[in-house]
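The structure appears below as C-alpha cells.
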Number of protein chains: 2
Amino acid sequence: MIERKTKFGIIGLGLLGGSYAIALSQKGYDVTGVDIDENACAAALEKGWAKKAGSDPELLSGCDFVISALYPRTFVEWIRTNQQVLKPGCLLSDVTGVKRYIIEQLGAILRPDVEFIACHPMAGREYRGISYADPHRFKAANFIVVPTRKNTEQAVSAARQLGEILGFRRITELDPDKHDEMIGYLSQLTHVIAVSLMNANDHSDLAAYTGDSFRDLTRIAFINEDLWPQLFVMNKDYLLAEIDAFVSEMQEFRSLIDKEDTESMRQKLIQSSQRQQAFKKNDENK
Amino acid sequence: MIERKTKFGIIGLGLLGGSYAIALSQKGYDVTGVDIDENACAAALEKGWAKKAGSDPELLSGCDFVISALYPRTFVEWIRTNQQVLKPGCLLSDVTGVKRYIIEQLGAILRPDVEFIACHPMAGREYRGISYADPHRFKAANFIVVPTRKNTEQAVSAARQLGEILGFRRITELDPDKHDEMIGYLSQLTHVIAVSLMNANDHSDLAAYTGDSFRDLTRIAFINEDLWPQLFVMNKDYLLAEIDAFVSEMQEFRSLIDKEDTESMRQKLIQSSQRQQAFKKNDENK
C-alpha cells in the first residue's frame, strides 16, 4: 500500500517520468529522480518536482516504489547494471507500451527481493522530454495494471493506487497476453497505418487541401522513431497478425470497388458505422 | 456575377443544401428550395431559410443560380428529367465530391443555354439531413471551384464569389483530374482505411481501452453508406492506385517488423514525421 511517507523513485525524467514526478510531488509525496540528462534533473529540482535528482542510481537506494520511465531495452539494461542499488523489498514498476517482453526479461534477471508490477499508462504522445511533461493528460487516459501470477495482491493494489494518485480516468487490469493483443490492434496497427499512409506517396503538393479526415489519420505519423521500432518488434506476433487481417480487409474492399459492387460496399459501410458507434458509446460510458 | 438580386435555387435540402440555404438567406439572398422530402421543405420555410420550398421542380424556373446538393447519380437523373424548368442563361453548380464523372455526364445532356460550373465544398460530414445543416462549418473548410475549358470566366468568378458568400476559409481552383486525384488520396483512401480498420476484426471487447489514435483513425468509419460507394466507383482509377500504393507501403513496413530491422523502420518513421510536419505547417499557414 502507498502511504503518505512512501518514497518514490523515478528513473528517466522524460515526458512520462516528468509527468509522474509532477503529479506525485504535487500530491505531497517524496520524489527522487534519476536521469543521465543533467538538464532534466536540474529542471525537476528547480520546479520542485523532485527533492533529489541526478545521474547516480544510488540516489534511489531509499525509495519504496521505483518506477522506470525508460525505453524498454534501456530499462532492462538499467536493471542488469544497477539493480543492486534498490532497497530490499521495494516495489518496481514501469510505463512500457508492450508487456510480455518486459515481464519475461525482468523475470530472468530481477533480484528476488524486489517485486516488479507492470503498468501501462496509456498517455504517451508524440513529443519527448520533461519540457512536455504534463499530468493533466492523465485525466482522460487509461491506466492498465498488468499482473502475472507471480505478483502479490499488495503489489497489484499499490499499482492501482498509483494510477489513482496520478489522476487517471480509469484503472483496469489485463493479463500480459490480452494487453499486448489490445495494444497491437488499438495502438500499434494504427501507427503503422498512419506512417504507411504518409510514406506511400509524396503528395505534399496536396497539403493545402487537407481536410479533417486526413488530418485525423496522420496526426500520429509524427512519431518517436527511437521508441516505436523497439515496441513493434517486441509485439511482433500480434502486430503482424493485425496487419495481415487489416490488409486482407483492404484488399477485399479494393476488389469491391474494382467490380463496382456498390451493394456489398454498402454492407461494409453499415458494419463499420455500427462498430464505430459501439466503440464510441463504450468510450462515452467510461 | 452574383448581385443582391440574384435568385438562388437549391435542389436537395439535406446537410449541405440546407447549410447553403441558411448561409444565403442569412446574407439576404432570395432562396428557393426543392426537395422530395416535405419535412425538409417545411423546415426550410419555417426557419426562413427559403422563401419558397417544395417538391415541384417548376419552383426553380425564376432562379439565376441553381445549386444541386443531390447525390451524384440523383443529380444527373434530375437534370435528365427536369432541366426544362431551368431559366435560360442560368448558372448551375453542385457539391459533388468527385468531379470528372459529373462533368462528363452533364456535358452529354445539359442544355446549351445553361452553364454548369463544378464546385466542391469540402465540408461534408457523417450526419445527414437538414436538421444537421450548419454553415459555421464552412469557416474552417476549403471551397474548390473545378472549371473546364468550356467554362466562361464569368461562371468561374460567380462560383468563387459563391464560396466567399458562403463563408469558406479558402477558395481555390483545380482542374477535374487534379481534383479527383487529390480527393482519391486525401479523402477516399482515408475512408477506405478507416472502414477496413473497423471491419478487419470484431475487437469490440477492446472498446474500453480506446485511446486517441484509434479514435482519430476510426471517426470516419461512421460513413454514409448510400453516398460513398457511388463516389468510390466514380473515382475508381485514382482510388485503386492510391490503395495499391498504400498497401504496398504497409507490406514493406510489415517485412521490416518481421525481419526486426529497427534501423530501416527508424528511417521510415523519420520520413513520416517530416511529412506530417510539412502537411501540418502548410495547414497552419492557410
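With label points defined 7 Å past Cα in the direction of Cβ, position residue B:46 shows copy-to-copy spacings of 6.2 nm, given to one decimal and shortest first.
Of all beta bridges that DSSP places with both ends in the protein assembly as shown, some 15 percent have antiparallel geometry.
Across chain B, Cα pairs under 8 Å and at least six residues apart give a relative contact order of 15 percent.
Per-residue shielding of B:227-239, expressed as the average number of other chain Cβ atoms within 10 Å of the residue Cβ, stands at 4. P(r) for the stretch A:1-46: what percent of alpha-carbon pairs falls in each 10 Å bin, starting at zero? For the stretch A:1-46, the binned pair fractions read 29, 56, 15, 0 percent.
Remark: the stretch A:1-146 carries 42 Å² of accessible area per residue (probe radius 1.4 Å; ligands, DNA and RNA excluded). Between the amide H of residue A:94 and those of A:68, A:119, distances stay under 5 Å, these residues lying 5 or more places away or on another chain, with hydrogens modeled in the peptide plane.
Accessible surface buried at the B:A interface totals approximately 8900 Å², computed with a 1.4 Å probe on protein heavy atoms. Remark: for residue pairs B:150/B:178; A:280/B:51; B:47/B:139; B:139/B:236, the C-alpha separation exceeds 28 Å in A:280/B:51; B:139/B:236.
Averaging 1/r over each pair of different alpha-carbon atoms in the protein assembly as shown and inverting the result gives 26.3 Å, the Kirkwood hydrodynamic radius.
Distance between the C-alpha centres of the stretch B:193-266 and the stretch A:217-286: 4 Å, rounded to the whole angstrom. Couplings 3J(HN,Hα) of the stretch A:257-262, computed from phi: 5, 4, 7, 6, 8, 5 Hz, in residue order, whole Hz [Karplus 6.51 cos²θ - 1.76 cosθ + 1.60, θ = phi - 60°; x for Gly and Pro].
The protection proxy used here, the mean number of other Cβ atoms lying within 10 Å of each residue, ranks peptides B:251-264, A:259-272 as follows, highest first: A:259-272, B:251-264.
Computed over the alpha-carbon atoms, chain A gives an Rg to Rh ratio of 1.02, Rh here being the Kirkwood radius from the mean inverse distance. Across q = 0.18, 0.20, 0.21, 0.24 Å⁻¹, the stretch A:216-280 modelled as identical point scatterers on its alpha-carbon atoms has Debye log10 I(q)/I(0) values of -0.93, -1.01, -1.04, -1.08, in the order of the q list. Phi angles of the stretch A:100-108 translate, via the Karplus equation with coefficients 6.51, -1.76, 1.60 and θ = phi - 60°, into HN-Hα couplings of 4, 4, 5, 4, 5, 5, 5, x, 7 Hz per residue; Gly and Pro are given as x. Taking a ≥ b ≥ c as the square roots of the eigenvalues of the Cα gyration tensor, the stretch A:1-92 is classed as oblate, since a/c reaches at least 1.5 and a/b does not exceed b/c.
The portion of the accessible surface of chain B made up by carbon and sulfur, rounded to a whole percent, is 47 (1.4 Å probe; DNA, RNA and ligands excluded).
Couplings 3J(HN,Hα) of the stretch A:71-88, computed from phi: 5, x, 5, 5, 4, 4, 4, 4, 5, 4, 7, 10, 5, 5, 6, 5, 6, x Hz, in residue order, whole Hz [Karplus 6.51 cos²θ - 1.76 cosθ + 1.60, θ = phi - 60°; x for Gly and Pro]. Computed on the stretch A:54-140, with alpha-carbon pairs under 8 angstrom and 6+ residues apart, the relative contact order is 28 percent. Basic side chains Lys and Arg get +1 at the Cβ, acidic Asp and Glu get -1 at the Cβ, and with that the dipole of the stretch A:161-254 about its Cα centre reaches some 280 debye.
The DSSP beta bridges internal to the stretch A:1-142 are antiparallel in roughly 0% of cases. Between A:204, A:183, A:159, the Cα set farthest toward the positive side of the dipole of the stretch A:134-222 (charges on each charged residue's Cβ, about the Cα centre) is that of A:159.
The values are calculated or read from the model by the stated rules, or taken from the named source; none is laboratory data. Owing to the predicted nature of the structure, the values given are computational and were not obtained by experimental measurement. Cβ atoms come from the backbone with ideal geometry, glycine included; neighbour counts cover every protein chain shown. Side chains included, ligands, DNA and RNA excluded: accessible areas come from the protein's heavy atoms. Shrake-Rupley method; radii C 1.70, N 1.55, O 1.52, S 1.80 Å.
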